[in-house]
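Q: Provided herewith is a single structure, encoded as structure tokens, for subsequent inquiry.
The values are calculated or read from the model by the stated rules, or taken from the named source; none is laboratory data. As the structure is a computational prediction, the values presented were derived from the model and not from experiment. No Cβ is skipped: glycine too gets one built from the backbone with ideal geometry, and neighbour counts run over all protein chains shown.
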Amino acid sequence: MGESTKRPTAEIINPGLGDIEKVRDILFGKYVSSFEQRFADLESRLEADVDQLKDRLSEKISGMDEMVNASIQKLDDQIATEQKNRDSEMNALQGMLSKAETTLQHSISLMEDQANQDLASINEAMKASQQELVDQMTAVQKDLLEQSANQKQELEADKVGRQSLALMLDEVAIKLRGSE
């Protein structure tokens, strides 16, 4: 195999080279054949080993690819599951927040209504108190006017009494003067 492929190429490239190979074959003939056979055997074993290594490497790479793909798929599944869990938790939290907001709005509405009722009640109480104070002031003013009128009458009555007394004393004084 090696000789037939070497000679035509050697003769085509350099026609005198074929003679050198013949001399070499004569001198080293059986050693060269044995070396060539050994090299051919070694080359075939190397090729077989390389092919075997390639096959093993391909098998290992395929196995690793399968493991990596399985791991990636497992991670994808875990991520999807985690995402679903997070989404459901988020929805639950949003529901709770909505419910809390509704409850808070209702409580605020009730408190506003109660505050408005209390304010109206206080306003009515203040109006009643104001009317009561006005009525009391009117009564006190009426009492004061009556007392003032009574005191005026008493004073006038006292004044009339003094005048009557003064007139009477004048009459007594005139009668006493006239009797003298």
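Q: Does Gln151 fit the bill of being surrounded by 10 or more Cβ atoms within 10 Å (Cβ to Cβ), at pLDDT below 90 and either in a helix (DSSP H, G or I) or not small (Gly, Ala, Ser) (or both)? Give the derivation first.
A: Values: surrounded by 10 or more Cβ atoms within 10 Å (Cβ to Cβ): yes; at pLDDT below 90: yes; either in a helix (DSSP H, G or I) or not small (Gly, Ala, Ser) (or both): yes.
When the stated conditions are applied, Gln151 passes them.
Q: A follow-up question, please. Glu47 - would you say it is surrounded by 10 or more Cβ atoms within 10 Å (Cβ to Cβ) and in contact (Cβ under 8 Å) with a residue 24 or more places away in the chain? Spell out the reasoning first.
A: Details: surrounded by 10 or more Cβ atoms within 10 Å (Cβ to Cβ): yes; in contact (Cβ under 8 Å) with a residue 24 or more places away in the chain: no.
The answer is no for Glu47.
Table: residues versus (1) basic (Lys, Arg); (2) at pLDDT below 90; (3) surrounded by 10 or more Cβ atoms within 10 Å (Cβ to Cβ).
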site	(1), (2), (3)
Glu112	no, no, yes
Ala115	no, no, yes
Asp118	no, no, yes
Lys127	yes, no, yes
Asp158	no, yes, yes
Gln163	no, yes, yes
Met168	no, yes, yes
Ser179	no, yes, no
